[in-house]
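The structure under discussion appears below in the form of structure tokens.
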């Protein structure tokens, strides 16, 4: 279903839309706006998935016993060694 609406744009945005239509990237300004909205919707969905995964990881790590923790010096030793080697140290 298509809904007709009225939108207002700054001169900058209008010029950008007109350029993209003129370049043949989009058939119409409406198509360009629809593509931008689709991208925003996809970005929001991906952000929600990422935040959910992050929350799950935090909960899992909170359940890790202290005895299983890794010392920060040990955890970053390889990275520090690689940096030192790259710097010629």
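FYI, it's all coordinate maths here, none of it is from the lab. Because the structure is a prediction, the values reported are computed rather than measured. For neighbour counting, all protein chains shown are included, and Cβ atoms are generated from backbone atoms with ideal geometry for every residue, glycine included.
Report, in whole Å, the centroid distance computed from the Cα atoms of region 38-52 and region 1-37.
22
By how many degrees, between 0 and 90 and to the nearest 10, does the Cα long axis of helix 29-62 differ from the longest principal axis of the chain?
Computed tilt is about 20 degrees.
How large is the direction-averaged shadow of the alpha-carbon convex hull of the chain, in nm²? Don't jump to the answer; show the numbers that get you there.
Details: hull surface 50.9 nm².
Computed as one quarter of the Cα hull surface, the answer is 12.7 nm².
Sort 12, 66 so that the residue with the fewest other Cβ atoms within 10 Å of its own Cβ comes first and the one with the most comes last. Spell out each step's value before the answer.
Details: 12 8, 66 5.
Ascending number of Cβ neighbours within 10 Å: 66, 12.
Can you show me the helix-derived [θ] at 222 nm for the chain, built from DSSP H runs with n ≥ 4 at -39,500 (n - 2.57) apiece and divided by the number of residues, rounded to the nearest 500. If you can, show how the numbers build up before the last one.
On the way: 3 runs with 61 residues, N = 89.
My calculation for the chain gives -23500 deg cm²/dmol from helical runs alone.
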